[in-house]
Amino acid sequence: QVQLVESGGGWVQPGGSLRLSCAASGFTWDAYALGWFRQAPGKEREGVSCISVSGGVRHYADSVQGRFTISRDNAKSTLWLQMNSLKPEDTAVYYCATGFRCTIVPEDFDSWGQGTQVTVAS
């Protein structure tokens, strides 16, 4: 079965950094675009970033542009999200997902991990 496992979340002070990872198994990893999404309590899931199969296309939500960097290693079936200059509003459960195209639209992605909690607070 398809399995996506996020890790790297935690508690960090504003201005700090975290690096999230997503490891995959059970499918052809390098045949899919990948995305990071997040969901805060009481909020709908929103797109954070996506990366195309080859890594040539990357998109970021305006709210994270310049602070977050998405990358992938297809040989290792691993996706990363480097998060710098974190803000309290970045607090959410972060999910990785697979999709057909690189968008930051949750509806375009169909396989999801269980999520990892990121909390940004003093």
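The values are calculated or read from the model by the stated rules, or taken from the named source; none is laboratory data. All of these numbers come straight from a predicted model, not from anything done at the bench. Note that we place each Cβ from the backbone using ideal geometry, even for glycine, and neighbour counts take in every protein chain shown. Just so you know, the surface numbers come from the protein's heavy atoms only, side chains and all, with ligands and any DNA or RNA stripped out. Shrake-Rupley method; radii C 1.70, N 1.55, O 1.52, S 1.80 Å.
Using beta carbons and a limit of 8 Å, which pairs, at least six apart or on different chains, have the first residue in region 95-122 and in a strand (DSSP E or B) and the second one charged (D, E, K, R) and open to solvent by less than 40 Å² (accessible area, probe 1.4 Å)? Cβ pairs passing all conditions: Y95/E6; Y95/R38; C96/E6; T116/E6; V118/R38; V118/D90; V120/D90. All of G115, G56, G35 fail the test of being modelled with pLDDT under 95 and small (G, A, S), apart from G56.
Counting the residues of region 57-91 that are free of Cβ contacts under 8 Å to residues at least 60 places away in the same chain, hydrophobic (A, V, I, L, M, F, W, C), open to solvent by less than 60 Å² (accessible area, probe 1.4 Å) and not in a loop (DSSP other than H, G, I, E, B) gives 3. Applying the criterion of being outside any strand (DSSP E or B) and modelled with pLDDT under 95 to the residues of region 1-17, the residue that is nearest to F37 (Cα to Cα) is V2.
Only a single criterion out of (1) assigned to a loop (DSSP other than H, G, I, E, B); (2) within 14 Å of G115 (Cβ to Cβ) is not satisfied by S54, namely (2). Can you find even one residue in region 41-59 that is of a type in the set (V, I, T) and within 12 Å of the chain's Cα centre (by Cα)? Yes, region 41-59 contains at least one residue that is of a type in the set (V, I, T) and within 12 Å of the chain's Cα centre (by Cα).
Pairing residues of region 3-15 that are closer than 17 Å to G115 by Cα and of a type in the set (D, E, K, R) with residues that are assigned to a loop (DSSP other than H, G, I, E, B) and open to solvent by 60 Å² or more (accessible area, probe 1.4 Å), at Cβ distances under 7 Å and at least 6 apart in sequence or on separate chains, gives E6/Q114. Scanning region 22-51 for residues that are touching a residue at least 12 places away in the same chain (Cβ under 8 Å), open to solvent by 10 Å² or more (accessible area, probe 1.4 Å) and farther than 19 Å from Q114 by Cβ turns up D30, A31. Filtered by the rule that a residue be outside any loop (DSSP other than H, G, I, E, B), aromatic (F, W, Y) and more than 21 Å from V120 (Cα to Cα), region 18-51 gives a lone residue, W29.
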